[in-house]
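Undergrad: Before I ask anything, here is the structure I am working with.
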Amino acid sequence: MPASLLRRRTLNSIGALAAALAMLASGAPARAASEIVLGQAVPLSGVIAATGAEYVAGAQAYFAQVNAKGGVNGHRIRVVVKDDGYKPDETLRVTRELLQNEKPVALFGFIGTGNVMNLVKNKVLSDARIALLAPFTGAIDLREPPNPNIFHIRASYTDEAAKMVEHLHSIGVRRFAVMYQNDGFGKSGLAGAESALDKLGLKAVATGSYDRTKPEEVDEAAGAIAAGNPEAVIMVSVNKASAAFVKKLRAAGSRAQLFSISVVNVKELVKNTGQELTRGVGVAQVMPYPFVPTTPVAREFLAAMKQYQPDQVVSYTSMESFIAAKVMVEALRRAGPDAGRERIAAALEGIRDFDVGGFTIGFGPGQRVGSKYVEVTVIGAEGRLLR
């Protein structure tokens, strides 16, 4: 489904919410007592709107599946989704609005390092005593030291960058460069790559960065990296920046192998760059392969997407949110009927070695990173990801 259509549907949902609030003002109940309300803020507009749409879709498919079977502990799940445009200040605003108006028992599936960091900096999660499950970020600053309110289901950018460096080193690459977004997200990946290189007795031959608010302005980064003559470049960047960088680097004559962090949207990268330039680009992945039913969770995911989200994209992103929804439902089930925020957070902490179908998530006291799984895929013919 195009992002524009999803935004229209989101606006319709917001209209329905406004009607519900009007009912509340008149003395009628705004929601049924049998509902479990979760809150989510994602970019449904802006530079990574396609990623936001996919991250909403996978979770909605699983929650719809659960609701069709009667919900959790007799309660149906309702997720209130707000568009934050990938803007940290907007994330802060809409999250406060969610907490005040909707009274969610947990937050779920936010996107962006700076966005989540803004919540932490302003003590939104701790003041509300509410858990945030599965933020779409691998930033180390959100993991070390562990934040008691945030539960991660994906490996860190440090883990991803290290895996890519190790893989490339194993096939003989010695000259590395790093292109990164100049913020917490990008610097986390840069630090991971530099740490992995240091362990191998190497240093990056060049680095280049760009401003997150100007993702297509990568000329300086491409020029600096091309001048370093690397054999491989690790890209810690979002969709438009990655596309612009690939074009600029190739135009500069560089034939370096290109590898991207997992948060890039491959469909958007291919669309904005072209199949010829993206063929052979490596992409780190932190979830099971979603395109064929080779694992139990992939079979369940593909069936649920076909039934409940047939117009949405099957991708690693939608698979990730599907798995996140499974973890959330398990926590809700363990927390019991009518559980509040603190009991749900405790239930999440109590999840150990939870097999979602060939992929395991586990938390614990002081342990908020549920998985460190990373594998490397390659963009093949027609923009398809190959293992």
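Undergrad: Quick one: how many Å² of residue 108 are accessible to a 1.4 Å probe, rounded to 10?
TA: Roll a 1.4 Å probe over it and residue 108 shows about 0 Å².
Undergrad: Which sequence of 202, 168 reflects their accessible areas, 1.4 Å probe, from the largest down?
TA: These residues rank, largest area first, as 202, 168.
Undergrad: Further question on the same structure: Just the C-alpha atoms of region 102-203: what Rg/Rh do they give, with Rh taken as the Kirkwood radius?
TA: Taking Rh as the inverse mean 1/r over Cα pairs, Rg/Rh reads 1.08.
Undergrad: So what is the relative contact order for the chain, in percent, with contacts set as C-alpha pairs under 8 Å and at least six apart?
TA: The value is 18 percent.
Undergrad: Of 247/306; 87/123; 103/267; 203/247; 271/306, which ones are farther than 27 Å apart at the Cα?
TA: Pairs exceeding 27 Å: 247/306; 103/267.
Undergrad: With every protein chain kept in the model, how would you rank 93, 129, 250 by accessible area, 1.4 Å probe, largest at the top?
TA: Of 93, 129, 250, the descending order of accessible area is 129, 93, 250.
Undergrad: Whole Å is fine, so just give me how far the alpha carbon centre of region 44-115 lies from that of region 168-241.
TA: Rounded to whole Å, the Cα centres lie 31 Å apart.
Undergrad: Output needed: percent of Cα pairs per 20 Å distance bin for the chain, bins running from 0 to the one holding the longest distance.
TA: Reading upward from the zero bin: 29, 58, 13, 0.
Undergrad: Same structure, new question: Rank 192, 124, 168 by how far each Cα sits towards the positive end of the charge dipole of the chain (+1 on Lys, Arg Cβ; -1 on Asp, Glu Cβ) and give me just the farthest.
TA: Selected residue: 124.
Undergrad: How tilted is helix 49-68 with respect to the longest principal axis of the chain? Cα atoms for both, answer in degrees (0 to 90, nearest 10).
TA: Tilt of helix 49-68: around 40 degrees.
Undergrad: Give the whole-number value, in cubic angstrom per residue, of the convex hull volume spanned by the C-alpha atoms of region 122-162.
TA: Normalising the Cα hull of region 122-162 by residue number yields 67 Å³.
Undergrad: If all Cα-Cα distances of region 301-384 are sorted into 5 Å bins from 0 onward, what percent lands in each bin, rounded to whole numbers?
TA: Whole-percent P(r) values from 0 Å outward: 3, 12, 19, 19, 16, 15, 9, 4, 2, 1, 0.
Undergrad: Tell me the Kirkwood radius of region 337-377: reciprocal of the mean inverse pair distance over distinct alpha-carbon atoms, in Å.
TA: 11.6 Å
Undergrad: Another question, if that's okay. For region 219-279, just list the percent of Cα-Cα distances falling in each 10 Å bin from zero outward, please.
TA: 23, 61, 15
Undergrad: If you don't mind, there's one more thing I want to ask. Nearest 20 debye, what's the magnitude of the dipole of the chain about its Cα centre given +1 on Lys and Arg Cβ and -1 on Asp and Glu Cβ?
TA: The dipole of the chain has a size of about 440 debye.
Undergrad: What is the Å³ per residue value for the convex hull set by the Cα atoms of region 138-274?
TA: Looking at region 138-274, the number lands at 107 Å³ per residue.
Undergrad: Let me ask something additional. Helix-only mean residue ellipticity at 222 nm, the chain, DSSP H runs n ≥ 4 weighted -39,500 (n - 2.57), per residue, nearest 500. What is it?
TA: -14500 deg cm²/dmol
Undergrad: If you don't mind, there's one more thing I want to ask. Hey, how many Å between the Cα centroid of region 318-387 and the Cα centroid of region 247-277?
TA: So the two Cα centres are separated by 29 Å.
Undergrad: Between residue 343 and residue 275, what is the label-point separation in nm under the 7 Å Cα-to-beta-carbon projection?
TA: So the label points at residue 275 and residue 343 sit 5.4 nm apart.
Undergrad: How big is the C-alpha Rg of region 55-162 next to the rule-of-thumb value 2.2 N^0.38 Å, as a ratio?
TA: Normalised Cα radius of gyration, region 55-162: 1.11.
The values are calculated or read from the model by the stated rules, or taken from the named source; none is laboratory data. In this text, all values refer to a predicted model and were calculated from it rather than measured experimentally. Cβ coordinates were reconstructed from backbone atoms using ideal geometry, including for glycine residues, and neighbour counts include every protein chain displayed. The accessibility values were calculated without ligands, DNA or RNA, using every heavy atom of the protein model including side chains. Shrake-Rupley method; radii C 1.70, N 1.55, O 1.52, S 1.80 Å.
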